[in-house]
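**Q** Below you'll find the structure I mean.
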């Protein structure tokens, strides 16, 4: 088994509406895989199908080597937080976890350890209804960790968390991955995913736009050269040089922004020098995951 | 299934639910039993539906359980509310998805929850019995009721039989509540439908068209606790109630097994 999740042609249709259409992707074992897409793109539907909560209309899939038609075979090894935390308001955080521990047959002693791990050690006895959004989110993550999972499925785990909370979740995910846990995480915080996700699955309108390694996705994107001449009168000359060599150039904020391969920078510098233009600065920027996402999804 | 039952019992024993339910059951039992004994010599109606229960009647073996069984209907309504709310809230709180991730077998979830709620219902019946019997003994001398017959073997046997019947009635109402909870997936809708149907609609229907009494579920559930009535036999009520509940439960169990959990 080399994949934590593998789906082929996974489809879910509600009446006339297709929530997920022939999705095919793999999540390598022991890695962090980001799951991104605009709202309504089918992320939660996919996660629910992987967890046996809804039945696919078509297609097949495996989780930890077992068919998604038999979730009982893999769910004891899977931790999940779907569409935010959901607990019993009248019970304390600890009692809520104990309910789930009883249900899954996990040792009750894990509850205290997990509450400490997610930073709720001192509030475990407080009723869930008194928790802030961030605390609820932390409790949701603790619940997902109850089975000591081989695969962790997290749907928007950083919702409602402050920057330090986001950083803690990021570190937690990294630690889990370094211990061999596979993490499939859906998030709108693309800058966070860019830091932790080795692979990505990108959805739009129920279709997979990209599934593969994050660095391959980013490397395939066109870089931007930002050239700032010593004298602003040379801006148009630089733009003309770039255009003449088949690149798109825009003059903006006292610099020329040129779309092109990163390694064209040296050639461009030479061309500018030959044209009598001295560059005060030449910077090559790769698009971020966020920019790539907007570019690909058309959002 | 036992893991699900243990998890459900943990929820059922939360103080807000447990204490409030015990208080309601105890208060209703105390009220109804006290009325029976305190008004036994008044010549006015002190029993079910204005029936006059004299001290002589209460001095028989059935005097021990009379107060206990007349509250069975309200005990049933309490069970209906608890079962309906415990089932439907899993949908409204979104906690059903957590349960199903930890226990993917939906039938085990259903069976475990149902078993835990039956244990809860039996505990309610036990509290009802203790309060009713305690008050009956406490008020017997004040009502000029002799308790000698209560502690005879036939009195104890009647107590056991009544306990079993009240328990069946409470579980039947509770099961009806669970069916409504699974059907409506909202505690408010399930409880409102169950209470309005059993408390209001069945009473109106039964009063307007008396022949319907034989077929009304709530009236038949309660008739089990009463050990049958002049018009509807105990065995009829038992068979009809079982029929209604088995059909209803089978339908909602199939729905529960097949429905997508999308909330």
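**Q** Based on what the data block shows, is residue A:48 within 14 Å of chain B (Cβ to nearest Cβ) and either crowded, with 19+ Cβ neighbours inside 10 Å or under 30 Å from residue A:126 (Cα atoms) (or both)?
**A** Spelling it out, residue A:48 is indeed within 14 Å of chain B (Cβ to nearest Cβ) and either crowded, with 19+ Cβ neighbours inside 10 Å or under 30 Å from residue A:126 (Cα atoms) (or both).
**Q** Given the structure, is residue B:136 in contact (Cβ under 8 Å) with a residue 12 or more places away in the chain and under 23 Å from residue B:198 (Cβ atoms)?
**A** No: the conditions fail for residue B:136.
**Q** Across the stretch A:51-66, what is the number of residues that are in contact with a strand residue (DSSP E or B) (Cβ under 7 Å, 6 or more places away or on another chain), within 13 Å of another protein chain (Cβ to nearest Cβ) and surrounded by fewer than 17 Cβ atoms within 10 Å (Cβ to Cβ)?
**A** Number satisfying all stated conditions: 1.
**Q** Next up: One residue is enough: does the stretch B:231-252 have a residue meeting the conditions closer than 20 Å to residue B:186 by Cα, surrounded by 14 or more Cβ atoms within 10 Å (Cβ to Cβ) and within 14 Å of another protein chain (Cβ to nearest Cβ)?
**A** no
**Q** Let me ask something else. Within the stretch A:137-168, which residues are in contact with a helix residue (DSSP H, G or I) (Cβ under 7 Å, 6 or more places away or on another chain), more than 14 Å from chain B (Cβ to nearest Cβ) and not in a loop (DSSP other than H, G, I, E, B)?
**A** A:165, A:166
**Q** Take the residues in the stretch A:169-184 that are surrounded by 17 or more Cβ atoms within 10 Å (Cβ to Cβ) and not in a helix (DSSP H, G or I), then tell me which one is modelled with the lowest pLDDT.
**A** The qualifying residue modelled with the lowest pLDDT is A:181.
**Q** Here is a further query. Going by the structure shown, is residue A:82 touching a helix residue (DSSP H, G or I) at 6+ places or on another chain (Cβ under 9 Å) and within 10 Å of another protein chain (Cβ to nearest Cβ)?
**A** Considered against the rule, which asks whether it is touching a helix residue (DSSP H, G or I) at 6+ places or on another chain (Cβ under 9 Å) and within 10 Å of another protein chain (Cβ to nearest Cβ), residue A:82 comes out as yes.
**Q** Is the stretch A:230-239 home to any residue that is crowded, with 19+ Cβ neighbours inside 10 Å, under 29 Å from residue A:159 (Cα atoms) and in contact with a strand residue (DSSP E or B) (Cβ under 8 Å, 6 or more places away or on another chain)?
**A** no
**Q** Starting from the stretch A:163-189, keep only residues that are outside the structural domain of residue A:143 (by TED's automatic domain parsing), then list their pairs with residues that are outside any strand (DSSP E or B) and at pLDDT 80 or above whose Cβ atoms are within a distance under 6 Å, requiring at least 6 positions of separation or different chains.
**A** none
**Q** Is it true that residue A:89 is assigned to a loop (DSSP other than H, G, I, E, B), surrounded by fewer than 22 Cβ atoms within 10 Å (Cβ to Cβ), in contact (Cβ under 8 Å) with a residue 40 or more places away in the chain and more than 10 Å from chain B (Cβ to nearest Cβ)?
**A** The answer is no for residue A:89.
**Q** Here are the criteria: (1) closer than 16 Å to residue A:31 by Cβ; (2) touching a residue at least 12 places away in the same chain (Cβ under 8 Å). Tell me which single one residue A:158 does not satisfy.
**A** Status for residue A:158: all satisfied but (1).
**Q** Within the stretch A:14-45, which residues are touching a strand residue (DSSP E or B) at 6+ places or on another chain (Cβ under 7 Å), assigned to a strand (DSSP E or B) and within 14 Å of another protein chain (Cβ to nearest Cβ)?
**A** Listed by number, the residues that qualify are A:19, A:20.
The values are calculated or read from the model by the stated rules, or taken from the named source; none is laboratory data. Because the structure is a prediction, the values reported are computed rather than measured. Cβ: placed from backbone, ideal geometry, glycine included. Neighbour counts: every protein chain shown.
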